[in-house]
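Notes to accompany the following structure.
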Amino acid sequence: MNCNHATFISVSLAPPSSVLLFPKRLSENLTPKQTLLARNVRLRVRASASKGDGNAQAANWSQWVPVGSFAADKVFRLIAGATASPIGQFVVYPTTFLHSVDPRVKLVWLLALVVLPARSHIVVRFGLVIYLTLLSMWVLPRNAWTDQLGRVYLLSGLLFITLGLGSDGVPALVQLRTPPPAMMGLPNLPVSLTGYAYTITKLGPLTFTRKGLSVASTVACLTFTVFQSASLCLTTTTPEQLAFALRWFMLPLKYIGVSVSEIVLTLLLSLRFISLVFDEVRNIALGIVSRRINWKQLTVMETIDIFFNYFRRIFKNIFNHAEQISQAMIVRGFKGDSSSHKIYFLSESSFGIADAICLLFLTVVIGVALMSEYYLV
């Protein structure tokens, strides 16, 4: 039997009041104390509703949302504070012996510090890190070396942990093709009498092995020495002196057709331009922070728009500075030919007693690094 009809029960109710469904203007009839109490009750109901969900992680997601002032304000304050200290800029005071060392000797030290961490024992690597740390604390001002060492140590530490646990930390899911020695009637391999162990420690499923320690220490120490030695060289040497040292080393390449003058001029302009870039990044960030923007009243798209305008202003000001520099060079007679344009290095560098001491100490460091591979096992 087929039924082609259905019975519906219709119930007519009185239309509810719009004030009860959408109490948007309910606070007009309440006192300020009652309005504040209603808002607190509404927030508690929302919090209890989110915590009452069956998912255990849903109750804690709100803890990661930044409260108070919006995170964008903190980002701009960090940018303004990070670029406040001189990064890659010449610092006149305090004047130390490193300021009087010949720039050619400094470039030799830079080359040695790039090669030595990869070709020496782990003890020598960490010794170079400690040496550069103490030298930075002695040469640089306090506000400069605290910021620089903090950033470089953070980057090197992250690389050390990541490579130490990732290079050889996860065991390979493979099966040996040969049967164990007990099945073939062979004795097991004896335990090392010297206490050697390939696995240093275990962190759950990850293991920290000797291979991971070697790779992590090499990369972390190399990163630290490259960044911090370059920072020390730029902080204690003027751009003209560095250009003079590079030109002195590259002069033999001039006979095989290398444009040494163009390379030196490009290096000199680049070193002069570094300070302009950091100044623009810091000044624009300080301008945004000083306007006291109420980030709570902005939407996400408006915040993103401010960041886009920030980067657009940085590039616009940098290009304006580059155009002004090119116009100033044209006014001073530069016609595009670097070989015919004379570069003034202000003062010629001279070789003194401090340079001889630095070269002697560099020879000792290289000898210790080479001998460490044979005697420190």
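Under a 1.4 angstrom probe, counting protein chains only, how are Y374, Y255 ranked by accessible area, largest first?
Values: Y374 170, Y255 200 Å².
From most accessible down to least: Y255, Y374.
I'd like the distance separating the alpha-carbon centroids of region 106-137 and region 278-339, in whole Å. The distance from the Cα centre of region 106-137 to that of region 278-339 comes to 36 Å. Amide H contacts of F208: I200, T201, K202, L203, each under 5 Å away and 5 or more positions distant or on a separate chain (H built 1.01 Å from N in the peptide plane; Pro and chain starts excluded). Residues within the reach of a label modelled at A354 (point 7 angstrom out along Cα to beta-carbon, backbone nitrogen below 16 Å), restricted to region 87-106, are 90-106. Just so you know, the Cα atoms of region 233-295 work out to an Rg and Dmax of 18.4, 63 Å.
Roll a 1.4 Å probe over the protein chains and send me the accessible area per residue for region 219-377 in Å². Display every interim value, and only then the final one.
Values: 10340 Å² over 159 residues.
Result: 65 Å² per residue.
Accessible surface ranking for E280, E373, 1.4 angstrom probe, highest first: E373, E280.
Sorting I314, I304, I330 by solvent-accessible area of protein heavy atoms yields I330, I304, I314, largest first, with a 1.4 Å probe.
The values are calculated or read from the model by the stated rules, or taken from the named source; none is laboratory data. This is a predicted model, so every value here is computed, not measured. Don't worry about glycine lacking a Cβ; one is built from the backbone with ideal geometry, like all the others, and counts go over all protein chains shown. Heads up: the accessible areas ignore ligands, DNA and RNA and are worked out on the full protein's heavy atoms, side chains in. Shrake-Rupley method; radii C 1.70, N 1.55, O 1.52, S 1.80 Å.
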